[in-house]
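A.B. asks: Here it is, the structure in full.
The values are calculated or read from the model by the stated rules, or taken from the named source; none is laboratory data. Worth saying up front: this structure is predicted, and the values here are computed from it rather than measured. Counting neighbours? That spans all protein chains shown, and the Cβs are built from the backbone with ideal geometry, glycine included.
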Ligand SMILES: Nc1ncnc2c1ncn2[C@@H]1O[C@H](COP(=O)(O)OP(=O)(O)OP(=O)(O)O)[C@@H](O)[C@H]1O
Ligand SMILES: [Mg+2]
């Protein structure tokens, strides 16, 4: 589904990703962990098409398509979803009409009929219950004045409504209280199927108690320096990253 | 040296000295002063501080034709009326009140409200009307005000009795038509709200595409103690129209003005709005949007004279400029020495959609009192890249995302329009203009 090969990416001449390779198959959940500044969000942004990154070499294919050549909105319509580490506040754009527009763009792209206001409302009400989000947040501008946790729930609500094939969750668990964490994880587990996949970026092993990953990768200095299973996360929790970093040379 | 040909000015001189029989909005006595100003008139240039950012050269060299006989665009009129279908409609054609296209002033105006043509007022009513003008201190003493006062042949005197609240808005529609030459209009209205009365007025200026026109309206408004006026000005004139308006509002003790302006049309608009707090506790809430494309010039000037204590003025204007258009916001808040506990807010935000668009913003504060709360701020920026990306990352195209963000930028102002149908109408007008901008760019 997603195949990243030896990806080198820089920002303003500064190399951030230094030969990253990752393969994600349908039905899988991959967790990515790693120290602050190691390039996790950069990877998520490059995959979703944010401007400002230079791909120096390597490739990223999604469903056989050359991801790096696609406009961000086309990636989204093809089923890629990024839950932002820092969701953006958009004053004046109503949360519901934004999400309806997004869903209908995706449906149009898939050759499906657009949903009218009533059908959409039915769908969104159902998904809101899933993430236990307060209804008044729907009437507010996108993320504006939302608390940190409300913003993260809103990301998961969007994910639930847009029903992506590949979802990248960038520290969706950071800033969540334990109940919210359970709800967000519940949302992911509900959506989980044989045909879709998740890449979950996190600093905390506890999320992985709720969302059980098939693989855990450690990203350091723009490369995956170790991959393993769920047990790796437990080990990291106990020992930190130092023991891994010492064993690897940092590329110059 | 050759003298510059100044057709507009020549035309003004001709009018000042015209012996032709005609009726005027104001009395001979009041006109005399304005005609004297016009007679020795010097039109402002870019060297005059007050007009530094307003390019008048094209207007001043336009050749004004005879009064236009071209028919009114009735479908356009009908469309404009849809902004507030339930309003009392009052229609001006080329600056002259058209009683056939308007509601019947004698029979259809609700009790307590009086709407009369200026030129037919009995002398006692005219005196009452002109008392408002005499009280106006006219700080922005510009020649265009005198054109309207000296030459206007038509206008309305709108009086509302004390303690009367009128729910149904008055919609005043100003249409221009022209054949081959430039038509001019200079309607003059005087509006007086009695104590604790309430009124809503929507003024719409429009002309079909291609019409060449100059519009120089003036309104003098007096709000007595506790009165409340909701006033909307909507500019939808053709790309060959120059529009210079002057509105003066005097606010007595505890009276409230809510004034919105939406400048969406014309080649050049300069809108002067002057508010004088005549008594303590008055309130003026000013909102507005100027949305320009191509080589439009849209210019808002406000002047808040806090001449009394405990008054509140709250201004929020937003500009959206595309093409080579230019927007100007020039706002002055004057807080006089004894105007203690003044609360004056002033905000101007601008969005540039193209490289060649430009905005000059100048919020100004002059404070002579010491116990006041005043803020002012201005920004000029582009669409937020992070917000654009966020929308795109959800499947929305870049063009649609830009449209959504721009509309949202304007919606923060238009949401404050209290008349629901008018709010929808303005938001649709803005959206259709933004849609066109988008199509142009693809
Ligand atoms: N626009 C930019 N300009 C300069 N440096 C940048 C830019 N964006 C990211 N970086 C740098 O790239 C590195 C990787 O950043 P990134 O946000 O991908 O880290 P991360 O692994 O997500 O960290 P965290 O765990 O703190 O979220 C950091 O050193 C960061 O400062
Ligand atoms: Mg990050």
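A.B. asks: Among the residues of the stretch A:4-56, how many are touching a helix residue (DSSP H, G or I) at 6+ places or on another chain (Cβ under 9 Å) and more than 23 Å from residue A:244 (Cβ to Cβ)? It would help to see each step written out before you state the result.
C.D. replies: Applying the first criterion (touching a helix residue (DSSP H, G or I) at 6+ places or on another chain (Cβ under 9 Å)) to the stretch A:4-56 yields A:4, A:7, A:9, A:11, A:16-17, A:20, A:22, A:29, A:31-35, A:45-53, A:55.
Cutting the leftovers down to more than 23 Å from residue A:244 (Cβ to Cβ) gives us A:11, A:45-53, A:55.
Within the stretch A:4-56, residues that are touching a helix residue (DSSP H, G or I) at 6+ places or on another chain (Cβ under 9 Å) and more than 23 Å from residue A:244 (Cβ to Cβ) number 11.
A.B. asks: Could I ask something else about it? Just one of (1) under 16 Å from the mean Cα position of the chain (by Cα); (2) modelled with pLDDT of 95 or more; (3) within 23 Å of residue A:111 (Cβ to Cβ) trips up residue A:44, so point out which.
C.D. replies: It fails just one condition, (3).
A.B. asks: Out of A:79, A:52, A:64, which single residue is within 17 Å of residue B:390 (Cβ to Cβ) and away from ligand 2 (no atom under 13 Å from the Cβ)? Outline the logic, then answer.
C.D. replies: Numbers: A:79 fails: within 17 Å of residue B:390 (Cβ to Cβ); A:64 fails: within 17 Å of residue B:390 (Cβ to Cβ).
When all the criteria are applied, what remains is A:52.
A.B. asks: Same structure again: Sort through B:422, B:365, B:351 and tell me the only one that's farther than 29 Å from residue A:159 by Cα, buried (at least 17 other Cβ atoms within 10 Å of the Cβ) and away from chain A (no Cβ under 14 Å).
C.D. replies: On the way: B:365 fails: buried (at least 17 other Cβ atoms within 10 Å of the Cβ); B:351 fails: away from chain A (no Cβ under 14 Å).
Residue meeting the stated conditions: B:422.
A.B. asks: Also: Return yes or no: is residue A:9 assigned to a strand (DSSP E or B), within 16 Å of ligand 2 (Cβ to nearest atom) and closer than 21 Å to residue A:220 by Cα?
C.D. replies: Details: assigned to a strand (DSSP E or B): yes; within 16 Å of ligand 2 (Cβ to nearest atom): yes; closer than 21 Å to residue A:220 by Cα: yes.
Answer is yes for this residue.
A.B. asks: Taking the stretch A:82-120 on its own, how many of its residues are away from ligand 2 (no atom under 16 Å from the Cβ) and either under 21 Å from the mean Cα position of the chain (by Cα) or part of a helix (DSSP H, G or I) (or both)?
C.D. replies: Restricting attention to the stretch A:82-120, the residues satisfying the condition of being away from ligand 2 (no atom under 16 Å from the Cβ) are A:89-120.
Among the residues that remain, those that are also either under 21 Å from the mean Cα position of the chain (by Cα) or part of a helix (DSSP H, G or I) (or both) are: A:89-90, A:95-109, A:117-120.
Within the stretch A:82-120, residues that are away from ligand 2 (no atom under 16 Å from the Cβ) and either under 21 Å from the mean Cα position of the chain (by Cα) or part of a helix (DSSP H, G or I) (or both) number 21.
A.B. asks: Name the single residue, out of those in the stretch A:90-105 being in contact with a strand residue (DSSP E or B) (Cβ under 7 Å, 6 or more places away or on another chain) and more than 8 Å from chain B (Cβ to nearest Cβ), that is farthest from residue A:1 (Cα to Cα).
C.D. replies: Taking the stretch A:90-105 first, the residues in contact with a strand residue (DSSP E or B) (Cβ under 7 Å, 6 or more places away or on another chain) are A:90-95, A:98.
Among the residues that remain, those that are also more than 8 Å from chain B (Cβ to nearest Cβ) are: A:94-95.
Details: A:94: 33, A:95: 30 Å.
Filtering the stretch A:90-105 for residues that are in contact with a strand residue (DSSP E or B) (Cβ under 7 Å, 6 or more places away or on another chain) and more than 8 Å from chain B (Cβ to nearest Cβ), the one farthest from residue A:1 (Cα to Cα) comes out as A:94.
A.B. asks: When the residues of the stretch A:29-54 are filtered to those that are more than 10 Å from chain B (Cβ to nearest Cβ) and away from ligand 1 (no atom under 14 Å from the Cβ), which remaining residue is farthest from residue A:11 (Cα to Cα)?
C.D. replies: Of everything passing the filter in the stretch A:29-54, A:29 is farthest from residue A:11 (Cα to Cα).
A.B. asks: State whether one or more residues within the stretch A:169-178 are crowded, with 22+ Cβ neighbours inside 10 Å, within 14 Å of chain B (Cβ to nearest Cβ) and within 16 Å of ligand 1 (Cβ to nearest atom).
C.D. replies: The answer is yes, given that some residue of the stretch A:169-178 is crowded, with 22+ Cβ neighbours inside 10 Å, within 14 Å of chain B (Cβ to nearest Cβ) and within 16 Å of ligand 1 (Cβ to nearest atom).
A.B. asks: Residue B:321 - would you say it is more than 14 Å from chain A (Cβ to nearest Cβ) and surrounded by fewer than 19 Cβ atoms within 10 Å (Cβ to Cβ)?
C.D. replies: Numbers: more than 14 Å from chain A (Cβ to nearest Cβ): yes; surrounded by fewer than 19 Cβ atoms within 10 Å (Cβ to Cβ): no.
It is false that residue B:321 is more than 14 Å from chain A (Cβ to nearest Cβ) and surrounded by fewer than 19 Cβ atoms within 10 Å (Cβ to Cβ).
A.B. asks: Among the numbered criteria (1) buried (at least 21 other Cβ atoms within 10 Å of the Cβ); (2) at pLDDT 95 or above, which single criterion is violated by residue B:152?
C.D. replies: (2)
Residue-by-condition table, conditions (1) part of a loop (DSSP other than H, G, I, E, B); (2) in contact with a helix residue (DSSP H, G or I) (Cβ under 8 Å, 6 or more places away or on another chain):
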position: B:275; (1), (2): no, no
position: B:281; (1), (2): yes, no
position: B:291; (1), (2): no, yes
position: B:300; (1), (2): no, no
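A.B. asks: Here's a follow-up. So if I check each of B:210, B:226, B:235, which one is closer than 22 Å to residue B:259 by Cβ, touching a residue at least 24 places away in the same chain (Cβ under 8 Å) and not in a strand (DSSP E or B)? If you could, list the steps in order and put the result at the bottom.
C.D. replies: Working: B:210 fails: closer than 22 Å to residue B:259 by Cβ; B:235 fails: not in a strand (DSSP E or B).
B:226 is the lone residue from the list that is closer than 22 Å to residue B:259 by Cβ, touching a residue at least 24 places away in the same chain (Cβ under 8 Å) and not in a strand (DSSP E or B).
A.B. asks: Among the residues of the stretch A:106-131, how many are within 28 Å of residue A:147 (Cβ to Cβ), within 13 Å of chain B (Cβ to nearest Cβ) and surrounded by fewer than 22 Cβ atoms within 10 Å (Cβ to Cβ)?
C.D. replies: 0
A.B. asks: Consider residue A:72 carefully, then state whether it is modelled with pLDDT of 95 or more, away from ligand 2 (no atom under 16 Å from the Cβ) and more than 30 Å from residue A:150 (Cβ to Cβ).
C.D. replies: On the way: modelled with pLDDT of 95 or more: yes; away from ligand 2 (no atom under 16 Å from the Cβ): yes; more than 30 Å from residue A:150 (Cβ to Cβ): no.
So residue A:72 fails the test.
A.B. asks: Determine if the stretch B:13-36 includes at least one residue that is at pLDDT below 90 and within 20 Å of residue B:267 (Cα to Cα).
C.D. replies: No: the stretch B:13-36 contains no residue that is at pLDDT below 90 and within 20 Å of residue B:267 (Cα to Cα).
A.B. asks: Same structure, new question: Could you please tell me which pairs satisfy a Cβ distance under 7 Å, a separation of 6+ or placement on different chains, a first residue in the stretch A:170-184 that is within 13 Å of residue A:130 (Cα to Cα), and a second residue that is within 12 Å of ligand 2 (Cβ to nearest atom)?
C.D. replies: A:184/A:172
A.B. asks: Just one of B:53, B:39, B:86 is touching a helix residue (DSSP H, G or I) at 6+ places or on another chain (Cβ under 6 Å) and either in contact (Cβ under 8 Å) with a residue 12 or more places away in the chain or over 15 Å from residue B:214 (Cβ atoms) (or both); which is it? It would help to see each step written out before you state the result.
C.D. replies: On the way: B:53 fails: touching a helix residue (DSSP H, G or I) at 6+ places or on another chain (Cβ under 6 Å); B:86 fails: touching a helix residue (DSSP H, G or I) at 6+ places or on another chain (Cβ under 6 Å).
After applying the criteria, what remains is B:39.
A.B. asks: Hey, another quick one. Condition first: at pLDDT below 95 and farther than 27 Å from residue B:426 by Cβ. Can you find one or more residues in the stretch B:281-303 that meet it?
C.D. replies: Taking every residue of the stretch B:281-303 in turn, none turns out to be at pLDDT below 95 and farther than 27 Å from residue B:426 by Cβ.
A.B. asks: For the stretch A:60-83: of the residues being surrounded by 21 or more Cβ atoms within 10 Å (Cβ to Cβ) and either on the phi > 0 side of the Ramachandran plot or in contact with a strand residue (DSSP E or B) (Cβ under 6 Å, 6 or more places away or on another chain) (or both), which is farthest from the other protein chains (Cβ to nearest Cβ)? Lay out the reasoning, then the answer.
C.D. replies: First, the residues of the stretch A:60-83 that are surrounded by 21 or more Cβ atoms within 10 Å (Cβ to Cβ): A:60, A:62, A:67, A:72-73, A:75-77, A:79-83.
Among the residues that remain, those that are also either on the phi > 0 side of the Ramachandran plot or in contact with a strand residue (DSSP E or B) (Cβ under 6 Å, 6 or more places away or on another chain) (or both) are: A:60, A:62, A:67, A:79-83.
On the way: A:60: 16, A:62: 14, A:67: 13, A:79: 10, A:80: 8, A:81: 8, A:82: 6, A:83: 10 Å.
Out of the qualifying residues, it is A:60.
A.B. asks: Here is a list of conditions, (1) within 16 Å of ligand 1 (Cβ to nearest atom); (2) in contact (Cβ under 8 Å) with a residue 24 or more places away in the chain; (3) over 13 Å from residue A:199 (Cβ atoms), and residue A:79 meets all of them except one; can you say which number that is?
C.D. replies: In the conditions (1) within 16 Å of ligand 1 (Cβ to nearest atom); (2) in contact (Cβ under 8 Å) with a residue 24 or more places away in the chain; (3) over 13 Å from residue A:199 (Cβ atoms), residue A:79 misses (1) alone.
A.B. asks: With respect to the numbered conditions (1) within 16 Å of ligand 2 (Cβ to nearest atom); (2) surrounded by fewer than 22 Cβ atoms within 10 Å (Cβ to Cβ); (3) under 19 Å from the mean Cα position of the chain (by Cα), which one is the sole condition not fulfilled by residue A:24?
C.D. replies: Residue A:24 satisfies every listed condition except (1).
A.B. asks: State yes or no: is residue B:410 modelled with pLDDT of 95 or more and within 13 Å of chain A (Cβ to nearest Cβ)? Before you say what the answer is, go through the steps one by one.
C.D. replies: Details: modelled with pLDDT of 95 or more: yes; within 13 Å of chain A (Cβ to nearest Cβ): yes.
So residue B:410 fits the description; yes.
A.B. asks: While we're here: Tell me the residue from B:357, B:402, B:344, B:378 that is more than 11 Å from chain A (Cβ to nearest Cβ) and closer than 30 Å to residue A:48 by Cβ, please.
C.D. replies: Just a single option satisfies the conditions, and that option is B:402.
A.B. asks: Continuing with the same structure: If residue B:35 passes every condition in (1) within 24 Å of the chain's Cα centre (by Cα); (2) part of a loop (DSSP other than H, G, I, E, B) but one, which one does it miss?
C.D. replies: Condition not satisfied by residue B:35: (2).
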